[in-house]
Amino acid sequence: MFQEQRRGRMAEVVKNGSEIRSDGRVVGSSLIGQAYNLPLKEGEETPTADLKWFQGRPHNGLGTNSVNTQYKLVLSGATNRSGDNEELIQWVKDAKAAVVTDNSVPGYTVKPSEVPADAVTSSGSGLDPHISPEYAKIQVHRGAEKNGLPVAEVERLVEDHTAGRTLGFIGEPRVNVLELNIALKELVAKS
């Protein structure tokens, strides 16, 4: 059934670009990652992740839009920091600690050694819509707990939304975070 839904979605992508629809409206793009954050509280400058959703790759260090302030734009680009840059090293350490803390729930503890690289580093563009299956699996127990779902059902969502290598040998297996979160929302609605 999922493959039929995916083919239907792919037909929509070809027909309408990269739009992804949910509940009859466009909710994002299959090609551009987005944040799943709580609304900013008064005095906050950085939003807090909404942990009931699967989270994508970090996108810190991309700067801000200071030229055209009429619109809130997403900037694309790399941090351009070398692997030995102290600020980058601290970002990665902080991100790893957050992944461990955020995804450890009663009965399931994430070990720092289990955190994959894509959970703590941004992509070259900072807009990657995919995460590795390993990063998605780390988030399963938290997502199940926050949404009141059985872990097995959320694990099945991740398995169903994991795409393999293109043509069997190009690239790496990946999970589109927006598509996974739409499926999670649908599963919560059925519960």
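Observations, loosely collected:
- For the range 116-135, filtering for residues that are in a helix (DSSP H, G or I), touching a helix residue (DSSP H, G or I) at 6+ places or on another chain (Cβ under 8 Å) and of a type in the set (A, V, I, L, M) leaves 1.
- One residue stands out in the range 136-190 among those that are part of a loop (DSSP other than H, G, I, E, B) and touching a Gly at 6+ places or on another chain (Cβ under 8 Å): the one that is nearest to Ala119 (Cα to Cα), namely Pro173.
- From the list Lys93, Lys72, the one residue that fits, being farther than 27 Å from Leu149 by Cβ, modelled with pLDDT of 85 or more and exposed (fewer than 13 other Cβ atoms within 10 Å of the Cβ), is Lys93.
- Residue check, Gly83 of a type outside the set (A, V, I, L, M, F, W, C), over 30 Å from Leu187 (Cβ atoms), out of contact with any Pro (no Cβ under 9 Å at 6 or more places or on another chain) and at pLDDT 60 or above: yes
- In a residue-by-residue description of the range 152-173, the property of being more than 26 Å from Glu19 (Cα to Cα) and of a type in the set (A, V, I, L, M) applies to at least one position.
Table: residues versus (1) touching a strand residue (DSSP E or B) at 6+ places or on another chain (Cβ under 8 Å); (2) under 15 Å from Val140 (Cα atoms); (3) part of a loop (DSSP other than H, G, I, E, B).
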residue	(1), (2), (3)
Arg81	no, no, yes
Asp84	no, no, yes
Gln90	no, no, no
Lys93	no, no, no
Lys96	no, no, no
Val99	no, yes, no
Asp102	yes, yes, no
Val110	no, yes, yes
Ser113	no, no, no
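- Entry remark, the range 160-174: residues being more than 14 Å from His130 (Cα to Cα) and among the charged types (D, E, K, R) number 1 in total.
The values are calculated or read from the model by the stated rules, or taken from the named source; none is laboratory data. Just so it is clear, the model here is predicted, and its values are computed rather than measured. Here Cβ is always computed from backbone atoms with ideal geometry, including for glycine, and neighbour counts include all displayed protein chains.
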